[in-house]
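Take a look at the structure below.
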Amino acid sequence: MYIFAGGGSGGHLYPGISVAQFLSEKQPNADIVFLCTNRQIDKKILSSHPWRQVAQPITPVPKNPMLIPKFLLNWYTSCRLTAELCKENQDRIVVCGLGGFASGAALKTARSLNIPTAMLNPDAVPGKANKFCQKYADHIYTQWEETTESFGRNAGKCMVTGCPVRQGYWRNVGELSPESLYTKELLVFGGSLGGHNVNVSVVNAISYLHSRSPHILEDWKIIHISGEKDFEMVKNSYAKLPLKTEVMSYCENMDTELKRASLVVCRAGASTLAELTSIGVGSILLPYPYHKDRHQQKNAEILSNKSAAVIVEDTTDNVKTASWLVDAMKDCLNMHTCYEMAIAAKNIGRSHAAESIATELAVMFK
């Protein structure tokens, strides 16, 4: 049995799905279980896949001390769920944490039962949950070489594999040419949970560009994946502009949209960057500003330092952020820049991460 523990967002689930897909192909009879969270996004993402799902009540550590008792109750319940799963076939189990708060109870419980464990850490710097979990993992799979030193005395557990991407999120460098890349499609998204600041700032920037520098957007089409909460707002905003636009609340075929895009505007989540680099597409990145460790900023800097992306700070002031976005779009919405950024992105991609990790897990399974 392969247990993938984690969830709460697409950024945690999609890498696990990628590895599970590869394992299912190579071991058709493998028993694969996703020990996920009870958030709706987990159900939505995993519903199209055949693997068993077990929802944990686990939640992030609360800031309010009054909520600690409830957190501990959920933690111990999640530990018990993991133990019950492991007892189904204790001699033939591997537990792989997908990072974040939803992997902690499973990894700790598996270690106490002497079950082989592994952990994915696709972000440039490990977050609090992964720093806690590192002592319970036998192996840690990282996306970037720069990450290894962040694990200190556990650095020896690290293997730089890249971040797994789903099937379809890849193309050969031979498919990249200035002409084929310059489709004049701008793809915008904020992540599986949406991204309000991204949505508002981009709409403001597009409106400004159209009013002041309309030639820059000439013949461009904007594909904007808004999330459910901002769908009507984004759609109504674009309806006021004589531009080619398509607004979606959610997209099932992101690989297709990414391959069509000349340029992407998005957050800097680790799995998103893995997809951008595996496919080879340039981006304007707005790192999520509310994480205390600013790990998305560190993710973005790896691409920016390789000329694969431009960083625009999400100042949380949407007007100010929009003005910086305007400058970035003026620089990037041309054939030469789109091509150069795409090639730079492709050059740092690790397209075989899912295969590498699946192979490692299979060895542990034996």
task = Kindly provide the set of residues from segment 209-235 that are among the hydroxyl-bearing types (Ser, Thr, Tyr), open to solvent by less than 30 Å² (accessible area, probe 1.4 Å) and either farther than 20 Å from residue 197 by Cβ or in contact with a Leu (Cβ under 8 Å, 6 or more places away or on another chain) (or both), ordered by number.
result = 213
request  = Please determine, by comparing only the residues of segment 85-96 that are touching a residue at least 60 places away in the same chain (Cβ under 8 Å) and part of a loop (DSSP other than H, G, I, E, B), which one is surrounded by the most Cβ atoms within 10 Å (Cβ to Cβ).
outcome  = 93
message = Considering only residues that are part of a loop (DSSP other than H, G, I, E, B) and open to solvent by less than 70 Å² (accessible area, probe 1.4 Å), which ones fall in segment 332-366?
response = 333, 334, 349, 351
ask   = Which condition number in (1) under 25 Å from the mean Cα position of the chain (by Cα); (2) closer than 30 Å to residue 245 by Cβ; (3) assigned to a helix (DSSP H, G or I) is the one that residue 168 fails?
value = (3)
task = Go through the residues of segment 295-315 one by one and say whether even a single one is over 15 Å from the mean Cα position of the chain (by Cα) and among the basic types (Lys, Arg).
result = yes
request  = Output yes when any residue across segment 23-43 is free of Cβ contacts under 8 Å to residues at least 60 places away in the same chain, among the aromatic types (Phe, Trp, Tyr) and either over 26 Å from residue 143 (Cα atoms) or not in a loop (DSSP other than H, G, I, E, B) (or both), and no when none is.
outcome  = yes
request  = Taking the residues in segment 275-331 that are under 24 Å from residue 255 (Cβ atoms), open to solvent by 30 Å² or more (accessible area, probe 1.4 Å) and assigned to a loop (DSSP other than H, G, I, E, B) as candidates, determine which candidate is modelled with the lowest pLDDT.
outcome  = 288
message = So in segment 246-262, with the set limited to residues that are of a type in the set (Ser, Thr, Tyr) and part of a loop (DSSP other than H, G, I, E, B), which one is farthest from the chain's Cα centre (by Cα)?
response = 262
task = Residue by residue through segment 2-22, note down the ones that are open to solvent by less than 10 Å² (accessible area, probe 1.4 Å) and outside any helix (DSSP H, G or I).
result = 2, 3, 4, 5, 6, 7, 8
inquiry  = Going by what's in this entry, would residue 120 be described as open to solvent by 10 Å² or more (accessible area, probe 1.4 Å) and either under 28 Å from residue 85 (Cα atoms) or modelled with pLDDT under 95 (or both)?
reply    = no
ask   = Take the residues of segment 127-143 that are surrounded by fewer than 24 Cβ atoms within 10 Å (Cβ to Cβ) and in a loop (DSSP other than H, G, I, E, B): which is nearest to the chain's Cα centre (by Cα)?
value = 127
inquiry  = Quick check on this structure: which one of 230, 255 is touching a residue at least 12 places away in the same chain (Cβ under 8 Å), among the acidic types (Asp, Glu) and more than 27 Å from residue 18 (Cβ to Cβ)?
reply    = 230
note = Exception for residue 238 within (1) closer than 21 Å to residue 333 by Cβ; (2) open to solvent by less than 10 Å² (accessible area, probe 1.4 Å); (3) within 15 Å of the chain's Cα centre (by Cα) falls at (3)
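Answer with yes or no whether residue 286 is over 17 Å from residue 350 (Cα atoms), hydrophobic (A, V, I, L, M, F, W, C) and under 17 Å from the mean Cα position of the chain (by Cα).
On the way: over 17 Å from residue 350 (Cα atoms): yes; hydrophobic (A, V, I, L, M, F, W, C): yes; under 17 Å from the mean Cα position of the chain (by Cα): yes.
Yes; evaluated as a whole, the condition is true for this residue.
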message = Residue pairs, Cβ under 6 Å, 6 or more apart or interchain, first in segment 261-278 and of a type in the set (Ser, Thr, Tyr), second in a helix (DSSP H, G or I). List them.
response = 262/181; 262/338; 271/11; 271/14; 271/15; 277/345; 277/348
ask   = within 23 Å of residue 123 (Cα to Cα) and either at pLDDT below 95 or buried (at least 17 other Cβ atoms within 10 Å of the Cβ) (or both) - does that describe any residue in segment 68-84?
value = no
message = Pull out all pairs, ordered by first then second residue, where Cβ-Cβ is under 8 Å, the residues are six or more apart or on different chains, the first lies in segment 346-365 and is more than 13 Å from residue 2 (Cβ to Cβ), and the second is of a type in the set (Lys, Arg) and open to solvent by 60 Å² or more (accessible area, probe 1.4 Å).
response = 347/306; 348/306
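The values are calculated or read from the model by the stated rules, or taken from the named source; none is laboratory data. Only a predicted model underlies this, so the values are computations on that prediction, with no experimental measurement involved. Reconstructed Cβ throughout: ideal geometry from the backbone, glycine too, with neighbour counts over all protein chains shown. Note: areas computed on protein heavy atoms with side chains; ligands, DNA, RNA excluded. Shrake-Rupley method; radii C 1.70, N 1.55, O 1.52, S 1.80 Å.
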